[in-house]
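As structure tokens, the structure follows; a few thoughts come after it.
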Amino acid sequence: MPDRPYTLLSCGMSIDGYLGSAVPPRLELSNRADFDRVDEVRASCDAILVGANTVRADNPRLLVRSKDRRDARTARGLPPSPIKVTLTDRVELDPSADFFTAGAAEKLVYCASPRVFDARSRLGSVATVVDGGERVEMRKLTEDLGTRGVRRLMVEGGGNVHTQFLTDNLADELQLVVAPFFVGDSRATRFVSDGRFPWNRDRRATLASVRQIGDVVLLRYALSSRFQTD
């Protein structure tokens with residue numbers, strides 16, 4: 001069986017556990033110093049994964065912003081930014097989205113088998129479409145990434161994706177940033193949805209470190225024996 005990558009979940013949420021507001025504009029949950037920290041984490045990874053909902057709602061570029069970090073990756077024989085990865089069942093993705101058009105990084109789209117033809121017709125010119133099976137499963141996806149040389153994977157959401165990685169026990173580390181305010185709107189998306197999580201009242205997750213970054217706090221959890229301290 002292929003080795004799956006070391007998988008790090010990165011998330012910012014409000015005090016009441018929301019990933020953003022229910023209505024535009026996009027709600028920023030962090031600050032400049034923490035955005036720079038996230039950029040450093042991105043630069044340390046081989047691939048960054050977000051769900052199709054995040055691609056549609058946030059239109060992320062998913063690039064390493066710092067020139068020094070891009071240059072350091074290039075000096076090590078790596079592309080300036082990690083591979084971009086998303087997954088979809090419905091193929092409702094815009095080929096002109098920044099996910100596809102920003103930067104020269106490789107783009108991978110894992111798609112449910114019944115829609116692969118549609119996905120390749122729509123996205124084949126801007127990304128590599130991978131048949132993910134009848135329903136895209138995170139374990140198979142990560143194992144396939146392992147065969148493509150991905151050793152360190154950063155997962156940046158959204159809520160459905162985080163839920164699947166956690167309930168499938170595929171996360172080695174969680175970096176959770178808490179913003180100093182409430183959203184207070186149940187229409188907004190939460191960090192995770194309902195599920196059977198390996199960490200519960202009888203099996204507590206290990207809190208590895210706590211770090212204040214300006215007005216936010218970073219909670220770093222070790223979720224597997226593969227947890228890396230650096």
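Do you know which of the residues in the stretch 72-90 that are aliphatic (A, V, I, L, M) and closer than 20 Å to V155 by Cα is least open to solvent (accessible area, probe 1.4 Å)?
Looking at the filtered set, the residue picked out is V85.
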With respect to L62, determine if the residue is in a loop (DSSP other than H, G, I, E, B), buried (at least 18 other Cβ atoms within 10 Å of the Cβ), of a type outside the set (V, I, T) and within 15 Å of the chain's Cα centre (by Cα). yes
Picked from the stretch 213-230 (must be open to solvent by 50 Å² or more (accessible area, probe 1.4 Å) and out of contact with any helix residue (DSSP H, G or I) (no Cβ under 8 Å at 6 or more places or on another chain)), the residue nearest to G157 (Cα to Cα) is Y221
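Answer with yes or no whether D39 is among the acidic types (D, E), assigned to a helix (DSSP H, G or I) and in contact with a Lys or Arg (Cβ under 6 Å, 6 or more places away or on another chain).
yes
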Of residues in the stretch 16-27 being surrounded by 12 or more Cβ atoms within 10 Å (Cβ to Cβ) and not hydrophobic (A, V, I, L, M, F, W, C), the one nearest to P82 (Cα to Cα): G20
Return the pairs, sorted by first residue and then second, in which the second residue is aromatic (F, W, Y) and part of a strand (DSSP E or B), the first residue lies in the stretch 67-92 and is under 23 Å from T128 (Cα atoms) and at pLDDT 95 or above, the beta carbons are less than 7 Å apart, and the residues are 6+ apart or on different chains. L87/Y110
List pairs: first in the stretch 15-31 and on the phi < 0 side of the Ramachandran plot and of a type in the set (D, E, K, R), second open to solvent by 40 Å² or more (accessible area, probe 1.4 Å) and in a loop (DSSP other than H, G, I, E, B), Cβ under 8 Å, 6+ apart or cross-chain? D16/F182; D16/G184
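The values are calculated or read from the model by the stated rules, or taken from the named source; none is laboratory data. These figures come from a predicted structure and were not determined experimentally. Glycine also receives a Cβ, built like all others from the backbone with ideal geometry; neighbour counts cover every protein chain displayed. What goes into the accessible areas is simple: the full protein's heavy atoms, side chains included, and nothing from ligands, DNA or RNA. Shrake-Rupley method; radii C 1.70, N 1.55, O 1.52, S 1.80 Å.
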